[in-house]
Amino acid sequence: MVPRVAVECRSRDHAEVRKMIWRQVPEWDRYEVSDAGVVRSRDMVVGAKGTSNAVRKGRVLAQAKTSRGYLVVTLTRGRTRQQFSAHRLVALAFHGPPPHDKAHVLHSDGDPANNLASNLRWGSPADNHADTERHGRRRKGEAHPQAKLSELAAQDIRQSQTKSGVLAAQYGVTREHVWAVRRGRAWAHILNGK
């Protein structure tokens, strides 16, 4: 277990000062992550001119936001660069290794940019799905980026007595999709009234 070290550091917006607890990123000796989701490199000794050595000061690493709102950071080892989700690094450092191979890191408040260790926990894919439903982040129906039907079209398919092949051609979907809509496997939220 890496010892806890409290350091006074300004938050990203420099509005408040708080003590952060830093831990080493597992399997990445040069990096530390805080309980607030900040990632930094550690000081390291590098060869300088002649036979002397110099200390390269560590720094807080910039994080980028993905299109889905998650913060990512790039770590390097030699010539190898690897991008990690900040929430996963925090979970590994503060909650230990994942309990199983398919474990997801869940955000208790549903905010993908809130990487406080107290806001994160390990969970199954089913837990993650339930969380997205509870936080209203599950895109369904016309809001889904791959939707080919409107809600009105889905209701029409569900109530129609027309053959599946005819409806599939009319709406530009497969017969299997028409079958799924009719049986409530697709567009179930219309059937359930959600």
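The values are calculated or read from the model by the stated rules, or taken from the named source; none is laboratory data. Predicted model, so just to flag it, every value in this text is computed and none were measured. Note that we place each Cβ from the backbone using ideal geometry, even for glycine, and neighbour counts take in every protein chain shown. Remember, those area values only see protein heavy atoms, side chains included, never the ligands or the DNA or RNA. Shrake-Rupley method; radii C 1.70, N 1.55, O 1.52, S 1.80 Å.
Could you tell me which numbered condition Val7 fails, if it satisfies all but one of (1) assigned to a strand (DSSP E or B); (2) touching a Lys or Arg at 6+ places or on another chain (Cβ under 9 Å); (3) at pLDDT 50 or above; (4) surrounded by 11 or more Cβ atoms within 10 Å (Cβ to Cβ)?
(3)
Of all strands (runs of 3 or more DSSP E) completely enclosed by region 28-77, which ones contain at least 3 residues that are closer than 25 Å to Asp109 by Cα?
Result: 28-34, 71-77.
Residue by residue through region 46-78, note down the ones that are within 21 Å of the chain's Cα centre (by Cα) and at pLDDT below 90.
Ser67, Arg68
Can you tell me how many residues within region 60-75 are out of contact with any His (no Cβ under 9 Å at 6 or more places or on another chain) and open to solvent by less than 40 Å² (accessible area, probe 1.4 Å)?
5
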